[in-house]
Each structure stands twice: as C-alpha cells, then as structure tokens.
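Reading through the structure tokens given below for one structure.
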Amino acid sequence: MIANDKAVNRGVAPVTYGQGERPPRGDYSTARGDYTCDQNWSAYTAQEHDLYRRLYERQAAQLEGLACDEFTAAVKHLGAPERIPRFDELSNRLYRQTRWEVVAVPGLIPEEAFFALLAKRRFPVTGWIRGPEEFDYVVEPDVFHDLFGHVPLLFDPVFADYMQAYGAGGLKASRLDACELLARLYWYTVEFGLIQTPQGLRAYGAGILSSAGELRHSVRSGEPSRVPFDLQRIMRTRYKIDSYQSTYFVIDSFQQLFDATAPDFTPIYRAVRELPEIEAGAVLPGERLIAAS
Ligand code: PHE
Ligand code: CO
C-alpha cells in the first residue's frame, strides 16, 4: 500500500510493497495467503502500549475544529487510549455498526491483496508500532496510523460503503492497468481528504488525522491549494509522499464522494490518459480555490 519507501506516517496509497529500495518492515513468514496474520497482542511491550497512548493523546487533543464530526464522534470506538486495541474486540464493535472488520497484516501488502480485503469489508491494519525515535515521523504506516487514522470512519455507513466500493474498483483497475490513476483517488480522499461543513473546513483523510503537524496545516494554512472535489482532476494530479500536501481536494459530503465514484471508471480512465498530468500544487487557469478555515 505504498508508492515507495519515502512515504510516511501521514499516508499511504494502495500501491505497494516491494517497489522501494528496502524490503518492507514486518514479519511476512507468518502471513496467510491473503496476507492477514495474527495480531499477537500479548507480544506488545509496556513501552509499545505507552507509545501508542502518547501518539493517541497528542492527536486527540487537536481534533476539535480540525477533524470532521463523524471522525471525532467515532474515535471513542477505538477503546481505551492506554493500550493498543485488540483487533478482535474492535472488530466486534465495528461489525455491529457497519459490517466491517479489522484484520492484522505484517505491514505493506501487494495492491491486489489490499483491494481484495477491502472488497470483503476487511481493513488491513499493520501489527507493529513505530519506535520511540519515530514519534514524529515514520516511513511506513504502523498500527497507530492504520487504526487511529482509518478505523473511526469505517464506523460511518456511507464512508464504509465507499471503502468497499474502492476495493472492488481496485480489483477492476488492476485488470485495466489503471492502478496509478485509482491510487490518486485513494491518496486525495481516504488519506488526505478535506470536507466542507457548516462550521468550516475539516479533515477526514487518515494521513492528515494521524499526523501531528498536517492536521492544522491542511485546514488552516494559507499555503496549500484547496480544490473542490473533481474525479478527473484528482486522477490527473501527482502527489507528494515526503512532505505535507500542496493540494487538497474538498468534498461536501461522503454521499457526494460515493455518488461521484459510482459510475463505471473504464471510460474515465481512458479520458484521463488523454489529458496531461498535473503537478502536485499546480492550479489550473480559472480554477476556483477554497479558502482556509
Ligand atoms: N466505480 C468504479 C469503477 O467502476 C469503482 C470505484 C468505486 C472506485 C468507488 C473507487 C471508489 O471502477
Ligand atoms: Co493509510
């Protein structure tokens, strides 16, 4: 689920392990054919639980006014911040709400395996946690990013359906050789999406919500461009994996996101391939931008 290994405590596109210069972190020897493995909860050390708590508390303290309400309301379902959650207990709660589950994986997994899990409403969560020296920045997504960033919105019925549709769409994109275009959609929505609300702009992307610095930057800074959600515009736009984003795309609702991505992408991929790519941060002539909140 990663474009290469410069990426990020801040997000991860579903484009895969094995493309970087380093092998992915994590023990793949215990993984099953679908790349899931046991969480092995009892192997976490007291220091690891404590690091999770410190990461959790730092993020929870800055959600107000920056994270969307759906996220803030659902964060409590992760359970007590003092301990890395047990995935099976979390899955029980999640399944009752939206029929999703979380499953452990050793780390980054190949994109087809990732899509297949999402299509079955199983969200892969990395088992390991970063080291204390990686408190502010970790190259690959760890259990904190995957859980804190992604799982709360899986409690939202519309967003939950979007994630499943994305997985099914990924399997189709693999057959159409369109994974790079689809990965940009993941990046600019699931990882770095912003949403307009009556109270102002808010973040819903996991890469933003699990980042100490990008939460404020994405919503409040005058620096980045904020562009109204536009599927083709997103598919044409490159992204940065080793710094804060210079472009964010803004939805009005999760229903808008679901509806805009429901049509068959086959002709859309074809159309997008005919158009020039857009650099991260570039603004098109005449493009309407949304102001910081
Ligand atoms: N509608 C897309 C397709 O036909 C699938 C998809 C849905 C992709 C939602 C992403 C998000 O390929
Ligand atoms: Co992520």
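Quick grid of which residues meet (1) open to solvent by 10 Å² or more (accessible area, probe 1.4 Å); (2) in contact with a Lys or Arg (Cβ under 7 Å, 6 or more places away or on another chain):
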position	(1), (2)
S42	yes, no
Q47	yes, no
L55	no, no
R86	yes, no
E101	yes, yes
V105	no, no
F114	no, no
Selection count, segment 80-122, where residues are assigned to a loop (DSSP other than H, G, I, E, B) and touching a residue at least 12 places away in the same chain (Cβ under 8 Å): 15
When segment 184-225 is checked residue by residue, the ones that are among the aliphatic types (A, V, I, L, M) and under 11 Å from the mean Cα position of the chain (by Cα) are L185, V190, A206, I208, L209
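Which of the residues belonging to segment 63-79 are assigned to a loop (DSSP other than H, G, I, E, B) and closer than 14 Å to A206 by Cα?
L63, L66, C68
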With the condition kept exactly as written, say whether any residue in segment 159-179 is at negative phi, open to solvent by less than 10 Å² (accessible area, probe 1.4 Å) and touching a Lys or Arg at 6+ places or on another chain (Cβ under 6 Å). no
Contact list please: Cβ distance under 8 Å, first residue in segment 135-152 and on the phi < 0 side of the Ramachandran plot and within 16 Å of ligand 1 (Cβ to nearest atom), second residue outside any loop (DSSP other than H, G, I, E, B) and β-branched (V, I, T), pairs at least six apart or on different chains. H150/V125; H150/V190
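Would you mind stating whether D242 is open to solvent by 30 Å² or more (accessible area, probe 1.4 Å), within 16 Å of ligand 2 (Cβ to nearest atom) and of a type in the set (D, E, K, R)?
Against the criterion (open to solvent by 30 Å² or more (accessible area, probe 1.4 Å), within 16 Å of ligand 2 (Cβ to nearest atom) and of a type in the set (D, E, K, R)), D242 qualifies.
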From (1) within 20 Å of G127 (Cα to Cα); (2) assigned to a loop (DSSP other than H, G, I, E, B); (3) at pLDDT below 95, pick out the condition that doesn't hold for S29. (2)
Whether any residue in segment 203-213 is within 16 Å of ligand 2 (Cβ to nearest atom) and open to solvent by 30 Å² or more (accessible area, probe 1.4 Å) is what I want to check. yes
What residue, of G79, G26, G33, is closer than 21 Å to F159 by Cβ and open to solvent by 20 Å² or more (accessible area, probe 1.4 Å)? G79
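The values are calculated or read from the model by the stated rules, or taken from the named source; none is laboratory data. Here the structure is a predicted model, which means the values were calculated and not measured. So basically every Cβ, Gly included, is an ideal-geometry build from the backbone, and we count neighbours across all protein chains shown. Ligands, DNA and RNA are excluded from the accessible area calculation, which covers all protein heavy atoms including side chains. Shrake-Rupley method; radii C 1.70, N 1.55, O 1.52, S 1.80 Å.
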